[in-house]
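This report concerns only the one structure given below.
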Amino acid sequence: MKIAILGARGRLGAALVRKWGSRPKKRGEKAPHTVRAFARPELDLLDPKTIDRCLGKKEPFDWVVNCAAQTNVDACERQPEQARLVNTVAARHIAERCARTGARFIHISTDYVFDGRQRVPYDEEAAPSPLSVYGQSKADGEFGVLAALPEAIVARVSWVFGPEKASFIDMLISRALGHAKVAAIANKWSTPTYTEDLADWLGALVAADAPGGVYHLCNAGGCSWREYGEHALHCAADQGLPVKTKTVAPLEIEELEGFVAERPVYTVMSTARFTNLTKIAPRPWEDAVRDYVRDYPPY
Ligand SMILES: NC(=O)c1ccc[n+]([C@@H]2O[C@H](COP(=O)([O-])OP(=O)(O)OC[C@H]3O[C@@H](n4cnc5c(N)ncnc54)[C@H](OP(=O)(O)O)[C@@H]3O)[C@@H](O)[C@H]2O)c1
């Protein structure tokens, strides 16, 4: 497949470029896909002309995957218009472009479209009810994408981690390497999701030529930030990393004064729709974290 990846320098975009486009190590092997990576200097979501130029008819793609977004939740709250232009307006523009060129489109979205009031995993039928500008801009983006191109795939993901860019897990291990006291929020739950696995699941949707609509993609299970962090510290210690503690003290989300935007407290998602289609059951988040800590040194 000839695939365009937008947001190619981000955590997920860069992982997809590496996993799908890398040259094979052995002679005779083929890269899984022909990948064209677009990052902000070439394709700026705030400049629709660059979208049209990169996704023009001259170089048609079988699939376009949009991993680019304004992902800083508090920055979105401070600059709502910028969030709308990037996460809503540009997303629809890409979908319209794909409709014109005949490309299939995967748009990456977020668990933050939910308000977090539920206490059982959210499935794709649950109504979005975002609490923040970020969540609203992404929910509006999903709506615009599917209105412009019903066969588009909207893939909602949560708590993404991977080697291309540091995230919570790296921050926590780094802190425990230097400090004996580490704390994380204990009353906010979701599911950590490894970019390595996400690349495989998105690849399975491509291979299946999956029908359009919303899919939830995350590792299996759910945890609080505190549980996530504590498991990561145990994995780090098992790998011989000299962490000064394996215990993560609990914080309440209400105690944190630095947050500008309101966050949903429970956003565990069900991946049953994906599993029914592909017969792939995402592995537990604990296994994914263990592999990550084993395979990639902390930042
Ligand atoms: N990370 C998570 O925990 C998480 C959770 C739920 C959903 N998601 C969703 O997953 C997707 C990928 O997230 P990620 O973790 O890979 O985020 P990321 O590392 O922040 O990557 C986002 C990319 O978007 C690019 N971008 C931002 N504004 C742009 C613009 N105006 N034009 C072109 N590119 C622009 C950024 O470019 P620069 O590198 O130039 O800044 C960055 O490379 C996003 O849709 C996000 O909403 C992520």
> Can you tell me how many residues in the stretch 245-267 are surrounded by 14 or more Cβ atoms within 10 Å (Cβ to Cβ), more than 19 Å from C76 (Cα to Cα) and of a type in the set (D, E, K, R)?
Replying inline: 1
> Which condition breaks for R100 when tested against (1) over 15 Å from the mean Cα position of the chain (by Cα); (2) of a type in the set (K, R); (3) buried (at least 20 other Cβ atoms within 10 Å of the Cβ)?
Replying inline: (3)
> Within the stretch 206-232, how many residues turn out to be within 15 Å of the ligand (Cβ to nearest atom) and touching a residue at least 60 places away in the same chain (Cβ under 8 Å)?
Replying inline: 11
> Only one of these conditions is not met by L85: (1) of a type in the set (A, V, I, L, M, F, W, C); (2) surrounded by 17 or more Cβ atoms within 10 Å (Cβ to Cβ); (3) under 22 Å from E151 (Cβ atoms). Which number is it?
Replying inline: (3)
> If you scan the stretch 207-261, which residues turn out to be of a type outside the set (A, V, I, L, M, F, W, C) and part of a helix (DSSP H, G or I)?
Replying inline: R226, E227, Y228, G229, E230, H231, H234, D238, E254, E255
> If you take the residues in the stretch 1-21 that are within 19 Å of D62 (Cα to Cα) and assigned to a loop (DSSP other than H, G, I, E, B), which one is farthest from the chain's Cα centre (by Cα)?
Replying inline: M1
> Going by the structure shown, is E286 modelled with pLDDT under 95 and out of contact with any Lys or Arg (no Cβ under 9 Å at 6 or more places or on another chain)?
Replying inline: no
> When you go through G56, G116 one by one, which is the residue that is more than 12 Å from the ligand (Cβ to nearest atom) and at positive phi?
Replying inline: G116
>> Name the residue that is surrounded by the most Cβ atoms within 10 Å (Cβ to Cβ), counting only residues in the stretch 119-153 that are acidic (D, E) and within 16 Å of the ligand (Cβ to nearest atom).
In response: E142
> If we keep just the residues of the stretch 167-185 that are more than 22 Å from Y122 (Cα to Cα) and in contact with a Ser or Thr (Cβ under 8 Å, 6 or more places away or on another chain), which is surrounded by the most Cβ atoms within 10 Å (Cβ to Cβ)?
Replying inline: A176
>> Here is a check on your reading of the model: is V86 at pLDDT 95 or above, touching a Ser or Thr at 6+ places or on another chain (Cβ under 7 Å) and of a type in the set (V, I, T)?
In response: no
> Restricting the stretch 91-113 to residues that are within 16 Å of the ligand (Cβ to nearest atom) and charged (D, E, K, R), which is farthest from D209 (Cα to Cα)?
Replying inline: D111
>> Considering only the stretch 24-40, I want to know if a residue exists there that is buried (at least 16 other Cβ atoms within 10 Å of the Cβ), more than 25 Å from A207 (Cβ to Cβ), within 13 Å of the ligand (Cβ to nearest atom) and not hydroxyl-bearing (S, T, Y).
In response: yes
> For the stretch 63-77, does any single residue satisfy the condition of being more than 17 Å from the chain's Cα centre (by Cα) and within 23 Å of V206 (Cβ to Cβ)?
Replying inline: yes
> Only one residue in D170, D140 is within 20 Å of the chain's Cα centre (by Cα), closer than 30 Å to K244 by Cα and not in a loop (DSSP other than H, G, I, E, B). Which one?
Replying inline: D170
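The values are calculated or read from the model by the stated rules, or taken from the named source; none is laboratory data. This structure is a prediction, so every number in the text was calculated from the model and none was measured. Cβ: placed from backbone, ideal geometry, glycine included. Neighbour counts: every protein chain shown.
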